[in-house]
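The values are calculated or read from the model by the stated rules, or taken from the named source; none is laboratory data. These numbers come from a predicted model, not from an experiment. A quick note on method: Cβ atoms are made from the backbone with ideal geometry, for glycine too, and the neighbour counts reach across all protein chains shown.
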Amino acid sequence: MNVEDNYCGFFEGTEKLLEMWFSCSDGDMEDCDVRKIPRAALESLLKLVKCEIISFKKNEQIDAYVLSESSMFVSKSRFILKTCGSTTLLRAVQPLLYLVQEYTGFDEVLDIFYSRKNFIRPELQLQPHTSFEDEVGVLDGLFEDGAAYCLGRVNQDCWYLYTLNPPDNFVGVQAPDQTLEVIMQQLDSKIMRIFTKKVCSTAQEATHRSGIDMLFPGIVIDDFLFDPCGYSMNGLLKGGYYITIHITPEPHCSYVSFETNAPQESYQDLILGLMKTFNPGKFTMTVFANKASVAANAPSECQECHFKNYQRKELQLCEFKNYNLTYALFAKAPS
Ligand SMILES: C[S@+](CC[C@H](N)C(=O)[O-])C[C@H]1O[C@@H](n2cnc3c(N)ncnc32)[C@H](O)[C@@H]1O
């Protein structure tokens with residue numbers, strides 16, 4: 001992609017997000033590990049998606065990759081791939097199942113979550129991302145008992161989800177599991193300029209000047225500033241927790257996404273911190289937390305909460321399997 005041209009053009013910040021959990025039919029998972037997939041095989045997998053690895057950091061629990069289009073996190077039994085632009089993430093699912101079978105010791109898919117917000121320019125996407133129906137077609141071809149949902153308004157801001165949801169005896173992820181995602185749009189142009197090479201010469205400078213380093217003080221950060229603009233970061237916390245932030249600063253399609261699996265009983269302070277850091281015109285938040293998670297009841301605070309100068313426009317609280325899911329849309333109140 002010619003990014004010099006693109007700074008004045010259009011970039012689809014909206015990410016496709018795949019999270020897969022694996023298990024073993026015999027119950028013995030001691031020697032199983034998704035991180036046994038060789039790097040060369042991951043690189044080939046990413047070629048199918050039309051992106052590549054540009055940076056890597058790891059700790060005991062997670063291998064974290066910054067990609068040319070967003071991020072990938074690989075841990076013992078979980079694989080997360082998040083890609084933006086016109087990447088073709090779902091073309092990687094079947095090959096991934098093969099790699100897991102070949103290298104990791106796992107032989108079962110415990111659960112899958114594929115989600116994304118509605119694209120800004122869906123007509124620029126490639127197969128099978130041309131519509132959610134097409135995406136569901138691919139996943140239904142690979143999994144039995146998949147369930148596809150849309151939260152929000154189908155003709156405006158909405159969020160799509162595909163997950164396994166069989167009628168009976170579903171075990172699913174039993175360990176505490178939670179994911180907060182905040183998708184921000186219509187961002188403050190003064191703040192967005194920080195994420196350009198004109199204003200910051202390094203990613204570390206952009207991380208510091210924007211205050212991203214203060215969101216989780218002490219976190220181990222792997223950040224990248226694109227030329228002439230654009231920013232991605234992964235942050236690793238102890239205990240297998242990550243945060244990831246991706247920024248498209250182009251004024252007419254500005255987009256920032258924040259995601260973490262760090263458990264919190266309330267995400268209110270964190271979201272207020274994000275609003276202060278990025279000052280978006282509107283944002284959607286989703287919280288996905290299973291019943292074992294301390295975050296399982298965090299979303300109920302959305303029922304009263306207005307995040308200072310934001311008004312809540314939409315709220316949906318749902319239950320899927322052993323998960324509570326919240327979708328909420330907030331926009332700045334007219335001044
Ligand atoms: C990869 S980043 C962050 C993506 C993320 N999904 C988002 O928009 O929040 C995308 C930003 O980097 C810029 N960029 C510069 N070089 C790029 C490259 N080689 N590949 C993808 N994006 C690039 C894009 O123009 C855009 O502003």
(request) Check residue 86 against each of (1) polar (S, T, N, Q); (2) surrounded by fewer than 14 Cβ atoms within 10 Å (Cβ to Cβ); (3) within 30 Å of residue 9 (Cβ to Cβ) and name the one condition it does not meet. (result) (2)
(request) Please enumerate the residues belonging to the range 157-180 that are outside any loop (DSSP other than H, G, I, E, B) and aromatic (Phe, Trp, Tyr). (result) 159, 160, 162
(request) Would you please name the residue that is modelled with the lowest pLDDT, looking only at residues in the range 290-304 that are assigned to a loop (DSSP other than H, G, I, E, B) and over 17 Å from residue 181 (Cβ atoms)? (result) 304
(request) Just give me the residues in the range 167-206 being surrounded by 13 or more Cβ atoms within 10 Å (Cβ to Cβ), of a type in the set (Val, Ile, Thr) and more than 19 Å from the chain's Cα centre (by Cα), in sequence order. (result) 191, 194, 196, 199
(request) Identify the single condition in (1) surrounded by 18 or more Cβ atoms within 10 Å (Cβ to Cβ); (2) touching a strand residue (DSSP E or B) at 6+ places or on another chain (Cβ under 8 Å); (3) over 27 Å from residue 118 (Cβ atoms) that residue 68 does not satisfy, given that it satisfies every other one. (result) (3)
(request) Residues that are touching a residue at least 12 places away in the same chain (Cβ under 8 Å) and away from the ligand (no atom under 16 Å from the Cβ): find the strands (runs of 3 or more DSSP E) completely inside the range 77-156 holding 3 or more of those. (result) 108-117, 146-152
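Okay, residues lined up against (1) over 19 Å from the mean Cα position of the chain (by Cα); (2) buried (at least 18 other Cβ atoms within 10 Å of the Cβ):
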| residue | (1), (2) |
| --- | --- |
| 271 | no, yes |
| 284 | no, yes |
| 292 | yes, no |
| 295 | no, yes |
| 299 | no, yes |
| 304 | yes, no |
| 307 | yes, yes |
| 317 | yes, no |
| 331 | yes, yes |
(message) If I ask for residues that are closer than 23 Å to residue 285 by Cα and without any contact (Cβ under 8 Å) to a residue 24 or more places away in the chain, which ones from the range 191-220 would you list?
(response) 213, 217
(request) Quick one: which residue in 157, 177, 213 is among the acidic types (Asp, Glu) and within 22 Å of residue 276 (Cα to Cα)? (result) 213
(request) Determine which single condition residue 23 fails, assuming it passes every other condition in (1) within 14 Å of the ligand (Cβ to nearest atom); (2) on the phi < 0 side of the Ramachandran plot; (3) not β-branched (Val, Ile, Thr). (result) (1)
(message) If residue 46 meets every condition in (1) away from the ligand (no atom under 16 Å from the Cβ); (2) in contact (Cβ under 8 Å) with a residue 24 or more places away in the chain apart from one, which number is that one?
(response) (1)
(request) Taking only the range 251-306 into account, find how many residues are under 30 Å from residue 228 (Cα atoms) and in contact (Cβ under 8 Å) with a residue 40 or more places away in the chain. (result) 24
(request) Answer yes or no as to whether residue 210 is surrounded by 15 or more Cβ atoms within 10 Å (Cβ to Cβ) and farther than 27 Å from residue 297 by Cβ. (result) yes
